[in-house]
Amino acid sequence: MKNKHLASFGPPLIVGIVGLVLWEAVVTVFKIKEILLPKPSSIGSQLIENWGVLRHATWETGKIAVSGLLVGVLLGVLLALVTNRFKVLNDGFTPLAIAINATPIIALAPIFNVWFGITGVLSNQAVVIAVVFFPVFINTAKGLNEVHPNEIELMHSYAANEWIILREVRVPNSLPFFANSLRLAAPLSVIAAIVAEYFGGPQDRIGTFITSSAGFAKYDVAWSAIVMASGLGLLLFGSAIVTERLSMPWRVSGDLDN
Amino acid sequence: MSKKSLESAISIIKADKVFNMGRNDEVQALSRIDLDIKAGDFITLIGPSGCGKSTLLRLVADLLTPTAGEIKVFGQTANQARRDQSYGMVFQHAGLFDWRNVSENIELPLELKGWSKADRQVRSQEMLKLVRLEEFGDHFPSQLSGGMQQRVSIARALSFEPRLLLMDEPFGALDEMTREHMQLELLRIWRQTGTTVVFVTHSIPEAAFLSSRVVVLSARPGRVHSEIVVNLADRTDETREDPEFFRVTTEVREALRAVEE
C-alpha cells in the first residue's frame, strides 16, 4: 500500500521536471522577454534572494487562509446541522445558498474593505470565510440529507429518535460529502486570501507582494511569490486529503472479489 | 415441519391505508385487509406491483399508520411492538452502514438497547456463525458480495432475538443462484430460531418454496384475494422439482392472473 502511494508520485514528478526543463529551453531558444515569461532559473534565484520577505509574507497570508478556512468550515457545518434539524430553515436557506455559491463571492473583496476596514486583516479573513462557507454548507447539508430511506426506516424500527439517527446515520453519511467540500475549500481559501490582499489589508502579504512587484515590472519577483502561494495551496489541499483518510478508514479498504 | 401454534403473532382486522387523504393525488393503497398470522408461521405476501404488499408490511412494522382498522403484534398495538423491538426488519437494500465493520453493524441494535460491549461481541459472534460468516466480522460492508451483505442484514435483524422477522423483497437484487442459496439459508435459520416470518416477494417460486402460507393480494386498492397453504415436507433443492411445489406455483400463478384482470 505504502509503496503504491509513493510510486504514484513518480509520473507527475517526471512530467513536472520535464515541463520545467522545456520551459527554460523555450524561453532561452525563442528569446522570450523576461517581462512576458521569466525563466524558471531566474524565478528560482529571486526565490532565494527574497526568501526572508517571502517566508514572512507566506506565513502571514497562510494564517489568514487557515483561520478563515477553519471559521468558514465551522460555520458551514453548524448551519448544515441546524438546517437539517429544522425543515423550514432548510427549505428557505439551501436554495439561496446554492444560488449565492454560483456567484463570484470573491468580487465582494473591495466591499468587505468598506465594511471591515481596509488596513486590518478582518476584511481579508471575511472574504476567505465567505468563500469557504458556501461549498462546505451545501455539501455537508446534502450529506446529512441524502440517506437511503430504508436506513431511516431501519432506525425507526429500533425506535431510535432523531438525535440518535443524526449521530449514527446522518453525520457519518455526510463525512464523504464534507471531505469533498474540504478538498474544494482548502485551496479556495488561499486564492481568496491572496485576491483579498490585492484590494487591501496589511502590506506585507503574498497578495500585496505580487501586485507591488508587478507594478515595478519585476515579474520574476512576482513569479517567486506565485510559487510560494502555490506551495501554500498544495499544503492545505494535502492536509485536507490527510484529514479525509484519517477520518474515514473504511474508505481505503480494498474489495473482496467473491 | 411448520410449527403449529395457537398463539397469534399478527392479527390485522379491516385495515385500510389511504395516502394523501383529501388531496388530488389521494391513493387507496389497502382496503379492508383481514389477516391472521400464527406464531412460527412463514407467510409470504405476493401480488402485482403497486398492490401495497410493502405498505402492508410497513403497517405491521408501525413505520406507517393505518387509516382505519386494527393491527396487533403479539397482542400489543403495532406501535407498542415497535417500541419493544418485537421485530427485526430486512430490506432489499441491505442498508449496512459503510462506516461500521460487519460485527459493529450486527451490534448496532444491541448498542441502542444499551448492551455491554462484551455481551454484544458474544452475540455478534453467534450471529455470524448463524449466517456462516464467522471469518468476516472485521470486514467492512463494501468488501462483501451482495449475498453476504444480505446475510449480515439478516444477522443484524435477528441479533436481539425478535419473535418476528419482517422482510421486504430481501433477495430481489440477488442473482438467481445466490437467491436460491439464500432461500435455503433463510429456511435453515427459520427452523433454528423458530421466528415468525412475513416475507414480501414478487417471485412465485420464491413464495412457494419458502412459505407455509402464500397470501395473494390484488392491486389498487390492495385486498387479500386468496390464501394458499403449502404442504411441503422437507425443503431442499430437490423440492423445486416436487409435484406439490408445482401445484403451489400453478395455483399462485392462476391467482395472480385473476387479480391482474
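In the stretch A:156-172, the residues that are over 11 Å from A:Asn84 (Cα atoms) and within 11 Å of chain B (Cβ to nearest Cβ) form Cβ pairs under 8 Å with partners that are surrounded by 18 or more Cβ atoms within 10 Å (Cβ to Cβ) and among the charged types (D, E, K, R), at six or more places apart or across chains, as follows: A:His156/B:Arg82; A:Ser157/B:Arg82; A:Ala159/B:Arg82; A:Ala160/A:Glu168; A:Val169/A:Glu151. Filtered by the rule that a residue be in contact with a Ser or Thr (Cβ under 7 Å, 6 or more places away or on another chain) and of a type in the set (Ser, Thr, Tyr), the stretch A:110-160 gives a lone residue, A:Thr140. Of the helices (runs of 4 or more DSSP H) that lie entirely inside the stretch A:113-218, those containing 3 or more residues that are closer than 19 Å to A:Ala57 by Cβ, modelled with pLDDT of 90 or more and open to solvent by less than 30 Å² (accessible area, probe 1.4 Å) span A:122-145, A:171-199, A:206-215.
Select, from A:Leu246, A:Leu232, the only residue that is among the hydrophobic types (A, V, I, L, M, F, W, C), more than 18 Å from A:Ala130 (Cα to Cα) and at pLDDT below 90.
Answer to the check: A:Leu246.
Can you find even one residue in the stretch B:165-176 that is part of a helix (DSSP H, G or I) and either out of contact with any helix residue (DSSP H, G or I) (no Cβ under 9 Å at 6 or more places or on another chain) or surrounded by 17 or more Cβ atoms within 10 Å (Cβ to Cβ) (or both)?
Within the stretch B:165-176, the subset part of a helix (DSSP H, G or I) is B:176.
In the following step, the residues that additionally are either out of contact with any helix residue (DSSP H, G or I) (no Cβ under 9 Å at 6 or more places or on another chain) or surrounded by 17 or more Cβ atoms within 10 Å (Cβ to Cβ) (or both) were identified as B:176.
Yes, the conditions are met somewhere in the stretch B:165-176.
Taking the criterion of being charged (D, E, K, R) and within 12 Å of the chain's Cα centre (by Cα), the only residue of the stretch B:169-215 that qualifies is B:Glu169.
Evaluated against (1) open to solvent by less than 30 Å² (accessible area, probe 1.4 Å); (2) within 17 Å of B:Val131 (Cβ to Cβ), B:His181 falls short on exactly one condition, (1).
Of all residues being of a type in the set (S, T, N, Q) and in a helix (DSSP H, G or I) in the stretch B:203-257, which is surrounded by the fewest Cβ atoms within 10 Å (Cβ to Cβ)? Just the residue, please.
Just the residues of the stretch B:203-257 that are of a type in the set (S, T, N, Q), to begin with: B:203, B:211-212, B:218, B:226, B:231, B:236, B:239, B:249-250.
Filter again for in a helix (DSSP H, G or I), leaving B:239, B:249-250.
On the way: B:Thr239: 16, B:Thr249: 19, B:Thr250: 12.
Ranking the qualifying residues of the stretch B:203-257, first place goes to B:Thr250.
Only one entry in A:Asn50, A:Asn101, A:Asn84 is farther than 29 Å from A:Gly207 by Cα and among the polar types (S, T, N, Q), namely A:Asn84.
When the stretch B:38-58 is filtered for residues that are in a helix (DSSP H, G or I) and either open to solvent by less than 10 Å² (accessible area, probe 1.4 Å) or away from every other protein chain (no Cβ under 14 Å) (or both), the ones remaining, listed by number, are B:Lys53, B:Leu56, B:Leu57. Quick one: is B:Glu185 in a helix (DSSP H, G or I), at pLDDT 90 or above and either over 25 Å from A:Glu168 (Cα atoms) or within 14 Å of chain A (Cβ to nearest Cβ) (or both)? When the stated conditions are applied, B:Glu185 does not pass them. Evaluating B:Arg151 against the criteria (1) within 11 Å of another protein chain (Cβ to nearest Cβ); (2) under 26 Å from B:Leu232 (Cα atoms); (3) surrounded by 22 or more Cβ atoms within 10 Å (Cβ to Cβ) leaves one unmet condition, (1). Looking at B:Leu130, is it within 22 Å of A:Met248 (Cβ to Cβ) and more than 14 Å from the chain's Cα centre (by Cα)? For B:Leu130, the condition - within 22 Å of A:Met248 (Cβ to Cβ) and more than 14 Å from the chain's Cα centre (by Cα) - is not met. Quick one: in the stretch B:81-103, which of the residues that are open to solvent by 30 Å² or more (accessible area, probe 1.4 Å) and more than 16 Å from the chain's Cα centre (by Cα) is nearest to B:Thr195 (Cα to Cα)? The qualifying residue nearest to B:Thr195 (Cα to Cα) is B:Asp84. The set of residues from the stretch B:118-145 being open to solvent by less than 40 Å² (accessible area, probe 1.4 Å) and more than 10 Å from chain A (Cβ to nearest Cβ) comprises B:Arg120, B:Arg123, B:Ser124, B:Met127, B:Leu128, B:Leu130, B:Val131, B:Leu133, B:Gly137. Please indicate, with yes or no, whether at least one residue in the stretch A:6-22 is on the phi < 0 side of the Ramachandran plot, in contact with an Asp or Glu (Cβ under 7 Å, 6 or more places away or on another chain), open to solvent by less than 90 Å² (accessible area, probe 1.4 Å) and modelled with pLDDT under 90. No: zero hits.
Looking at this structure, is B:Pro109 in contact with a Lys or Arg (Cβ under 8 Å, 6 or more places away or on another chain) and over 16 Å from A:Ser157 (Cβ atoms)? So B:Pro109 fails the test. Residues that are in contact (Cβ under 8 Å) with a residue 60 or more places away in the chain, open to solvent by 70 Å² or more (accessible area, probe 1.4 Å) and not aliphatic (A, V, I, L, M) within the stretch A:70-108 comprise just one, A:Arg85.
For the stretch A:92-116, the set of residues classified as of a type in the set (Val, Ile, Thr) and under 17 Å from A:Val82 (Cα atoms) consists of A:Thr94, A:Ile98, listed by residue number.
Yes/no matrix, rows are residues, columns are (1) at pLDDT 95 or above; (2) out of contact with any helix residue (DSSP H, G or I) (no Cβ under 9 Å at 6 or more places or on another chain); (3) within 10 Å of another protein chain (Cβ to nearest Cβ):
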| site | (1), (2), (3) |
| --- | --- |
| B:Asn79 | no, yes, yes |
| B:Gly88 | no, no, yes |
| B:His93 | no, no, yes |
| B:Asn105 | yes, no, no |
| B:Gly114 | no, yes, no |
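The values are calculated or read from the model by the stated rules, or taken from the named source; none is laboratory data. Model, not experiment: these values are computed from the prediction. Neighbour counts are summed over all protein chains in view; Cβ atoms, including those assigned to glycine, are modelled from backbone coordinates with ideal geometry. Side chains are part of the model used for accessible areas, which takes the heavy atoms of the whole protein and leaves out ligands, DNA and RNA. Shrake-Rupley method; radii C 1.70, N 1.55, O 1.52, S 1.80 Å.
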